[in-house]
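Just below is one structure, and these are the notes that go with it.
Since every read-out is calculated from the coordinates, none of them should be taken as a lab result. The structure displayed is predicted, hence computed values, not measured ones. All Cβ positions, even for glycine, are placed from backbone atoms using ideal geometry, and neighbour counts span all protein chains on display.
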Amino acid sequence: MAYELEFEKPLVELRKKISELKEFTKHRDVDFSDEINKLEARLEKLEHDIYANLSPWDRVQIARHPNRPTTLDYIERLFTNFFECHGDRCFGDDEAIVGGIAKYHGLPVTVIGHQRGKDTKENIRRNFGMPHPEGYRKALRLMKQAEKFGRPIICFIDTKGAYPGKAAEERGQSEAIARNLFEMAGLTVPVVCIVIGEGGSGGALALGVGNYVHMLENSTYSVISPEGAAAILWKDASLAKKAAETMKITAKDLKELGVIDEIVPEVRGGAHRNVDEQAKYIDDVLQRSLRQLLPLSAEQLIAQRYEKYKQIGDFIESQQHVSVM
Amino acid sequence: MLKDLFSKKKKYATIPSEQAKQDVPEGIMTKCPKCKKIMYTKELVKNLRVCISCGYHHPMSAPERIACLLDEGTFCEYDRHLLSKNPLDFPQYMEKIEEDREKTKLNEAVVTGEGTINGFPVVVAVMDSRFRMGSMGSVVGEKIARAIERAMEKSVPFIIFTASGGARMQEGVLSLMQMAKTSAALKLFSEQGGLIISVMTHPTTGGVSASFASLGDYNFAEPGALIGFAGRRVIEQTVREELPDDFQTAEFLLKHGQLDAVIPRHELKDTLTNILDIHQARGEDEWRTS
Ligand SMILES: [Zn+2]
């Protein structure tokens, strides 16, 4: 099995031992079946224990797993008739974001998502899933098109963040992200967002102002990467693990903070272990979300979206007025 | 008989129209301007005028385009009666128009009408570069605006195939204003929720590229098509630098965010069918009841 994660090492060792034992008995006249059964039971328990007690840092590793399914993997499994649309009609076509039209169980929809590469070559083409302004502007163009034709919008969020580059600043990275937040708030059609991998700061949020925002169990969503947070907070990027624990970036944390609506369960060990199965879990939550949103009017959808974000924040309404004079 | 060449199932013999006959080129052989290979014109036409050797998309006449795109026997043409005048008394203008009418059997540089694409009803406007380089004068503008109005009345999608050198100089500012007229018609249609698809073919330049050609909900182009506003030479003289080889090609425009896709001619009908299908699909009933 390719690319095991750090915390999976005990499992790898145990699996190896079991297969060695099986191999050994195959060619000899000895019976180790008792022993093998015991080890397999132990493996089962160990798998359960490890995957049930993943630390935030473990989840960061799963969210960054090179084989973790991407937007296009899910589009292929959840939709039919997908037709990809390119370009922002202004400057370029940013391949770090894909989008287009499709049918979802017969319903016309617009689907948009960040797109990482699967290998180095594709990652260079797609800038490792880190968009430039033209990516956000393409996404917005497609959202406005969806609005014109009354199609629900589905966004898959999966980015380390907006690309910190010179060209991106020259072309108005901030304005492009801000514009999406502004315009998404006013969309007259249902918007469902699902964080499928890393939800990195403004680059993620630019596709993330929805009526519902869901997160895959092992995905993360944060204001900055754990490495970035460690560098700023403690001037030491190697403290990323500690930052991951502190920053509340897991699906469970975000659910408790009221930032997301539902945690989408993952295949044991992570979505990459069975993409077809994972797509079914997403299909389930997506269908439920759309069924709830489709009967709502444009005004209701906008009001619901506003209420959702208005609720987010933590503060005290104190009795005294704190004087600054 | 073009209709027969382009439809796979030939069930009934169709009467060849004068137009279609006219479109079969006189020469038995055609030389590809790109790869310089010489091939049977008949074979080239059979292959939708896509070079068999290099894939170069040779220009198609409007009747050919309609024959290969719309379902057989469904096309009903609009406004064949509109004819150009000579508002600036431009010398030789009427004679040239007359020549092109004779040559193409068209009344002007665009053919408009309705029909179906794999069963989906559409209104189409197809420009023909054989007629005054496909340039846009009053008649072209009016025919396109009227076709858009018909699409609006019928609530069916509007598909435009562009092939034009731009505004028609001989009609002066009136031809410039056709850009505004056609764009205004598209705006009203769009506000009503109408679906607009633009397919830019070689060449789409000047005032046509700066009006209806660029205003689709989906903007497509054929491979290699020249698309741009200002001419290459004018730009080179202005900026005094050499432009890249692919400058103002369909592929260049795709890279620069102007197109949704570059679609080879052989895939065009399927792609359009898929888009029309998605736009008319209504899963809502099934979706709302449970
Ligand atoms: Zn050729």
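Here are some notes:
- Odd one out for B:MET60, checked against (1) over 20 Å from B:PRO203 (Cα atoms); (2) within 16 Å of the ligand (Cβ to nearest atom); (3) assigned to a loop (DSSP other than H, G, I, E, B): (1)
- Per-region count, the range A:159-204, residues more than 24 Å from A:SER297 (Cα to Cα) and part of a helix (DSSP H, G or I): 15
- Tally, over the range A:78-102, of residues that are within 20 Å of the chain's Cα centre (by Cα) and among the charged types (D, E, K, R): 2
- A:TYR104 being loosely packed, with under 13 Cβ neighbours inside 10 Å and either within 14 Å of chain B (Cβ to nearest Cβ) or in contact (Cβ under 8 Å) with a residue 60 or more places away in the chain (or both): no
- Of the residues in the range B:35-52, none is out of contact with any Lys or Arg (no Cβ under 8 Å at 6 or more places or on another chain), away from the ligand (no atom under 16 Å from the Cβ) and hydroxyl-bearing (Ser, Thr, Tyr).
- Qualifying helices (runs of 4 or more DSSP H) (wholly inside the range B:93-210; at least 2 residues being within 29 Å of B:ARG49 (Cα to Cα)): B:93-104, B:138-154, B:206-209
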